[in-house]
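Working notes, beginning with the structure itself.
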């Protein structure tokens, strides 16, 4: 799956991962009623349509819209047209087209009585195993309390008899009238984290299903509901990885990272002769930085450009080499060099190595990656702030792009490197979920999504 093209299915061709596992288990039951709560703009309609996709229901459903027309629905959710089209056999007639479109009911001007009658008729129709009412508030608001409660009980009875699935959408989270009747309740909320919008789904009730995790963060990217799984530690081990993500390295004054979405938010990528600060928050494992850098290294080496990496002191250079070589073309492995760590490593040695690489590859770009350990050894030799800046500037001069990897435990040089950096990226853990954000320049959050081969893609939180 291309990172810039988030389709209805995930990287493994499986659409089920778009919704939380517990909710998935619940909606695959033969019959149930589900209440989806949330204020306007939280993604209730998106979740309901994603459920249709997850269940593979393409024609035997009934979608009642009291807010927008079916035409608008297809405009706002362009993937829906392709999804529905898949249910049509070749040579589909106009009558068949009408039958599919009639599954979407424009009920904006309907009277509650006639609309309620239409819903019960659909529940008696074996061709309509799932009915979505978007929203129930618009219908219920025209009924008095007694009539509403009676009608809701009738719907539940007919739903059970028909073996159907019934989804109510409500924009009144505080209204608990339906809570005791329905089998499941989920609520969608949105808040802000450091001025960035975050969305969260709460699994409040799933009758007959054990709720192992009550909340998940999610995104509405490409008009699809996609929840994020909590992070599970990834082993740092060599594994053959695809080079399909390799893209053009340089465009004008910018260098591509290999992550199209990130490049777009940065303004076409990293600036040439620039410094990128890659900061890891507490609880973010160093392996995450390695996996992130792997595609950047692969992009450079595959383009014939050399890379120098000064790694963490406690990591064996041979292990790091085996890890990165899995995504490097066999004939270009000599372009990737690891500078063995050591207590006596000096800035002159780093500068000399970079200068030599640049001299050998004059028409190519040179990437320099420095871990905090290397910078601390230099900093320890000279603690004068201005002197440290001069030393770093001298080391970074031969490189066309330098990436400095630091954690919060390196506060003594974090601020200093931040001052000389053109780009500041931060990996962070929010609600047990991994995210990447560009602090300079400012960007939205990106969730880190890993496939079965531990390859990383970025998905924007919108």
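What are the residues in segment 353-404 that are crowded, with 20+ Cβ neighbours inside 10 Å, touching a strand residue (DSSP E or B) at 6+ places or on another chain (Cβ under 7 Å), modelled with pLDDT of 75 or more and in a helix (DSSP H, G or I), if any?
Selection gives 354, 357, 372, 396.
Residue by residue, here is whether (1) buried (at least 22 other Cβ atoms within 10 Å of the Cβ); (2) modelled with pLDDT under 95; (3) more than 21 Å from residue 406 (Cβ to Cβ) holds:
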{"site": "250", "(1), (2), (3)": "no, yes, yes"}
{"site": "253", "(1), (2), (3)": "no, yes, yes"}
{"site": "257", "(1), (2), (3)": "yes, yes, no"}
{"site": "260", "(1), (2), (3)": "no, yes, yes"}
{"site": "273", "(1), (2), (3)": "no, yes, no"}
{"site": "285", "(1), (2), (3)": "no, yes, no"}
{"site": "306", "(1), (2), (3)": "yes, no, yes"}
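Hey, among the residues in segment 405-438 that are without any contact (Cβ under 8 Å) to a residue 40 or more places away in the chain and closer than 26 Å to residue 395 by Cβ, which one's surrounded by the most Cβ atoms within 10 Å (Cβ to Cβ)?
Step one: filter segment 405-438 for residues without any contact (Cβ under 8 Å) to a residue 40 or more places away in the chain, giving 409-412, 415-416, 419, 435.
Those still in the list that are closer than 26 Å to residue 395 by Cβ too: 409-412, 415-416, 419.
Numbers: 409: 10, 410: 21, 411: 10, 412: 14, 415: 10, 416: 18, 419: 11.
For segment 405-438, the residue satisfying everything is 410.
If you check residue 195 against the conditions, is it at positive phi and either assigned by TED's automatic domain parsing to the domain that holds residue 56 or more than 31 Å from the chain's Cα centre (by Cα) (or both)?
Yes.
Taking the condition over 23 Å from residue 307 (Cα atoms), assigned to a loop (DSSP other than H, G, I, E, B) and within 30 Å of the chain's Cα centre (by Cα), does residue 409 pass? Don't jump to the end; show me each part of the working.
Numbers: over 23 Å from residue 307 (Cα atoms): yes; assigned to a loop (DSSP other than H, G, I, E, B): no; within 30 Å of the chain's Cα centre (by Cα): yes.
Against the criterion (over 23 Å from residue 307 (Cα atoms), assigned to a loop (DSSP other than H, G, I, E, B) and within 30 Å of the chain's Cα centre (by Cα)), residue 409 does not qualify.
Out of 67, 96, which single residue is assigned by TED's automatic domain parsing to the domain that holds residue 24 and at pLDDT 80 or above? Give the steps one after another, and end with the answer.
Values: 96 fails: at pLDDT 80 or above.
Criteria check complete, one pass: 67.
Looking at (1) at pLDDT 85 or above; (2) in contact with a helix residue (DSSP H, G or I) (Cβ under 6 Å, 6 or more places away or on another chain); (3) within 18 Å of residue 374 (Cβ to Cβ), find the lone condition where residue 312 falls short.
If we test residue 312 against (1) at pLDDT 85 or above; (2) in contact with a helix residue (DSSP H, G or I) (Cβ under 6 Å, 6 or more places away or on another chain); (3) within 18 Å of residue 374 (Cβ to Cβ), just (1) comes out false.
To keep it simple, each residue is scored yes or no on (1) under 30 Å from residue 460 (Cβ atoms); (2) in contact (Cβ under 8 Å) with a residue 12 or more places away in the chain.
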| position | (1), (2) |
| --- | --- |
| 141 | no, no |
| 178 | no, yes |
| 187 | yes, yes |
| 213 | yes, yes |
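Let's see how each residue does on (1) in contact with a strand residue (DSSP E or B) (Cβ under 9 Å, 6 or more places away or on another chain); (2) at pLDDT 95 or above; (3) part of a loop (DSSP other than H, G, I, E, B); (4) exposed (fewer than 13 other Cβ atoms within 10 Å of the Cβ):
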site: 26; (1), (2), (3), (4): yes, yes, no, no
site: 34; (1), (2), (3), (4): yes, yes, no, no
site: 47; (1), (2), (3), (4): yes, yes, no, no
site: 58; (1), (2), (3), (4): no, no, yes, no
site: 82; (1), (2), (3), (4): no, no, no, yes
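Which ones in segment 439-461 are modelled with pLDDT under 90, surrounded by fewer than 15 Cβ atoms within 10 Å (Cβ to Cβ) and touching a helix residue (DSSP H, G or I) at 6+ places or on another chain (Cβ under 7 Å)?
Within segment 439-461, no residue meets the criteria.
Just wondering, is there one or more residues in segment 161-173 that are at pLDDT 95 or above, surrounded by 19 or more Cβ atoms within 10 Å (Cβ to Cβ) and out of contact with any helix residue (DSSP H, G or I) (no Cβ under 6 Å at 6 or more places or on another chain)?
The answer is no, given that none of the residues of segment 161-173 is at pLDDT 95 or above, surrounded by 19 or more Cβ atoms within 10 Å (Cβ to Cβ) and out of contact with any helix residue (DSSP H, G or I) (no Cβ under 6 Å at 6 or more places or on another chain).
Return the residue satisfying two criteria in turn: it lies in segment 343-352 and is buried (at least 17 other Cβ atoms within 10 Å of the Cβ) and within 16 Å of residue 317 (Cβ to Cβ), and of such residues it is modelled with the highest pLDDT.
The residue in question is 350.
The values are calculated or read from the model by the stated rules, or taken from the named source; none is laboratory data. These numbers come from a predicted model, not from an experiment. Here the Cβ is made from the backbone with ideal geometry for all residues, glycine too, and neighbour counts use every protein chain on show.
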